[in-house]
């Protein structure tokens, strides 16, 4: 796409058409500036088929704020809308509405609360709350979901993969297989969730991290095509990068050619006073080859080198590789934990696309609106499935920590409630009537509000954390999560509960709305 | 991301770090301007788990050319690379290399051949061929794969979904669930492959198509929250869009509330001289509800209205819905085909993310390189799996049409071969020795070269087709595909073959390279 077109495609028109037809309708009703409140939340954890997440890592807020700051209706956007016609050939959007859009069509007057990036989050808790003129809050729905759903999906996957790899260095390698320019958001989210670095050079620059990468098969191949050998290719690499010699050893044959050649080269580097970095394995049985590589490298006195694994890795593959190494290593008189401690993971496709579940089901639902008298009225969307009926009204999310200091539940409360002042604390099941868990004061070490004010009528009232602070937050939150909830397979289900008052409001509204539908 | 950062992240640094470390190495060897040739191809059709594609629709070329035209190393990019240091704290990139990059670091001297967008394509045939200075062709690898893999994945999925829906109107609705800004490329690819329109407003504007969309549940909900009814919401919608009245009928209850209210409204519109468009169903049993909606609408005299279906559709769901309608319709004295002929499909997540297989495995392999004397030397990358060993040398792809006028095979030939001059035609199996299919002249109606010259040393020698021409190409190609290959489940495997000469070259190279590895 040409840059001039990209600016238009990613500006204020980066939204679904129905947001604009609805905004126009609200304008016609005289309601377009009526304050309304929307909750953004996801309904279920990513489910990768054979396995399922037990938590998510929130991500995407900063870039959403960037979009909100820059997007606005200019002449080009207005002209485009002016040209849209319906079935009868008549214009869809009237001039008075377009004039209003030209004047007020931006996100600079909206208020926003959000759970910070890097925090552990769960289904059905509001991650982002938007308040403002309904016409604009409605236009924001699509870009908000677009800019938040995918990063949270990927940060979550990165956390899981990092966990499977026992916190060893994790590199994001997926740029060539993700969804076009979306890979930049994916790389940032991976860095938030658990990747240490990315091979994506541009986004590394923007975020202030060094990009990672050494060489591909094509380099060795190029030497071969010119009549040289794999060893010549390795030698050339070592000459240029003597401090950073990490060699890809599977272009010809890992055990018979790549590793012996790498070791020859490493010996030469050692004689020259350099410390070789290690080898990368990109094909074959990575567990078996890791063990064999470790044995060969140890024997040559390179026990401190890394073994980088890549090729279709994800959390389950890594778990399986580690289990196999535990089994195989003793056969080669190796300590399995030592082999594992020198592994580095390069993860591409499965991380950047969240293979198995490529979308987070984040939604944006009207929860409250002001009536003519300026009084806020909670709203609800009925669903035959009670779990899918959103929680109405203006809410805060409270995280309750148990006597171990671990998060035991997220409690949704109306904003005029403060669970820190209530004892014992009643946690109502989100969908089943009459099921309540009671927590006595002694069972609670702390209760923390998660939603932070971010924008007050467009003014930034939030200090944006650095990426490093976001990562620190993620580590801290994961450390306070029960290990059962962190489990990669069949995780323990974390409690998301309602206060009795919110539960009652929801039931009352359901009754009223059911009657409205019937009348 | 702020716009100023986005420009950097999507410019020439939109590549993997190892492309730059390798380019630097080639520079150090004095080889950086050595001409090399790379083939881009994918190895296997998307496999969605329960089902698998039997063809792909090529897409993405135009936006790749846009990127190649705009990307180049400026001061910011050079400064970033200058700051990169290795393990020893020394700089990774030397000044002479950076000076060269600053001067020549752009894609304006590369040559490129490509199969046009919208064409049916198959595994292991070069879709794009890049020729030029190896350092630059190497840097291009990542952006090329990024800009082509995803569009081809999505165009393919759109073709399948359109096929399942028997060519009924198909709308792309996935913007909120795709990978951030990549959704724009996804929407364009969907339009190429089989979607008629998209809800994505910005990209519709850029591509010159009207965006599609009417209203969401939130509109009805907003009316309810203010004390009004669903019928009031419908009435307001009809007042603003009397020519385009398409109503979402499942906010409260489809059969008991939404449809009766919509019909009331439609009757009113009819009295006013307008023709209502139809209803949208977004939850519940869409097959059953389609039949019930058709019956109710017919009874009220609205047999010419559309029924738009949305909610987690993909090709298999649509097939299932149609089968169920065939079964259910007669029970309501309806002609199933008439019900099906009024359906419109709105497909979101499953299309934009290609659910089930979220990445095309497109790769970019060195196939030839010039030696010191300027002679092209074919190159190969060995693999233990013979199917994964790329086909060496400079090639053309020929599509062979059988006596029915249908495509029967794609034949890879060296560029100095012309299969149109050969009879009978021998098609060698791509991996199994000694397996050859013979086609007599009488069995062939035409043979067509697929790769077109696009860039000659950076100069555009290709007339870019409009999106409408690309869609026409897709329709023509699909019509010339055997229906067994088009089958949605267990498709017949299309033949991709080698000429005997190319087969022999490949075997010879494998032998030579095996020996090199051993020596």
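The values are calculated or read from the model by the stated rules, or taken from the named source; none is laboratory data. The structure presented is a predicted model; accordingly, all values stated were derived computationally and were not measured. Virtual Cβ from ideal backbone geometry, glycine too; neighbours counted across all protein chains shown.
Some notes on this structure:
- There is no residue in the stretch B:334-353 that is more than 27 Å from residue B:157 (Cβ to Cβ) and out of contact with any helix residue (DSSP H, G or I) (no Cβ under 8 Å at 6 or more places or on another chain).
- Selection over the stretch B:13-27 of residues that are within 7 Å of chain A (Cβ to nearest Cβ) and more than 16 Å from residue A:238 (Cα to Cα) gives a count of 5.
- Among the residues making up the stretch A:347-366, those that are facing chain B (nearest Cβ under 9 Å) and not in a loop (DSSP other than H, G, I, E, B) are A:349, A:350, A:352, A:362, A:363, A:364, A:365, A:366.
- Residue B:344 meets all of the listed conditions (1) in a loop (DSSP other than H, G, I, E, B); (2) under 23 Å from the mean Cα position of the chain (by Cα) but one, namely (1).
- Here residue A:207 fits the description: at pLDDT 95 or above, more than 7 Å from chain B (Cβ to nearest Cβ) and surrounded by fewer than 24 Cβ atoms within 10 Å (Cβ to Cβ).
- Restricting attention to the stretch B:163-195 and to residues that are part of a helix (DSSP H, G or I) and within 7 Å of chain A (Cβ to nearest Cβ), the residue that is farthest from residue B:117 (Cα to Cα) turns out to be B:180.
- Only residues that are out of contact with any helix residue (DSSP H, G or I) (no Cβ under 8 Å at 6 or more places or on another chain) and closer than 27 Å to residue B:317 by Cα were counted in the stretch B:49-86, giving 2.
- Lone unmet requirement of (1) modelled with pLDDT of 95 or more; (2) in contact with a strand residue (DSSP E or B) (Cβ under 6 Å, 6 or more places away or on another chain) for residue B:264: (2)
- If you go through the stretch A:263-281 and pick out every residue that is out of contact with any helix residue (DSSP H, G or I) (no Cβ under 6 Å at 6 or more places or on another chain) and either within 11 Å of chain B (Cβ to nearest Cβ) or buried (at least 22 other Cβ atoms within 10 Å of the Cβ) (or both), you end up with 8.
- Test result for residue B:430, more than 29 Å from residue A:223 (Cβ to Cβ), surrounded by 14 or more Cβ atoms within 10 Å (Cβ to Cβ), away from every other protein chain (no Cβ under 14 Å) and within 31 Å of the chain's Cα centre (by Cα): no
- So residue B:377, is it within 12 Å of chain A (Cβ to nearest Cβ), free of Cβ contacts under 8 Å to residues at least 40 places away in the same chain, touching a strand residue (DSSP E or B) at 6+ places or on another chain (Cβ under 7 Å) and not in a helix (DSSP H, G or I): yes
So that you can scan it fast, the table gives a plain yes or no per residue for (1) within 14 Å of chain A (Cβ to nearest Cβ); (2) touching a strand residue (DSSP E or B) at 6+ places or on another chain (Cβ under 6 Å); (3) within 15 Å of residue B:495 (Cα to Cα); (4) touching a residue at least 40 places away in the same chain (Cβ under 8 Å):
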| position | (1), (2), (3), (4) |
| --- | --- |
| B:372 | yes, no, no, no |
| B:417 | no, no, no, yes |
| B:426 | no, yes, yes, yes |
| B:449 | no, yes, no, yes |
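- Leading residue by the ranking (nearest to the other protein chains (Cβ to nearest Cβ)) among those in the stretch B:224-256 that are crowded, with 23+ Cβ neighbours inside 10 Å, at pLDDT 95 or above and more than 27 Å from residue B:195 (Cα to Cα): B:230
- 1 or more residues surrounded by fewer than 15 Cβ atoms within 10 Å (Cβ to Cβ): qualifying strands (runs of 3 or more DSSP E) within the stretch B:440-511: B:444-449, B:452-456
- If the condition is being without any contact (Cβ under 8 Å) to a residue 60 or more places away in the chain and surrounded by fewer than 23 Cβ atoms within 10 Å (Cβ to Cβ), then the stretch A:382-399 contributes A:383, A:384, A:385, A:386, A:396, A:399.
- Among residues of the stretch B:34-65, those that are closer than 27 Å to residue B:357 by Cβ and at the interface with chain A (Cβ under 9 Å from one of its Cβ atoms), counted: 5
- Test: residue in the stretch A:113-126 that is over 27 Å from residue A:428 (Cα atoms) and out of contact with any helix residue (DSSP H, G or I) (no Cβ under 8 Å at 6 or more places or on another chain): no
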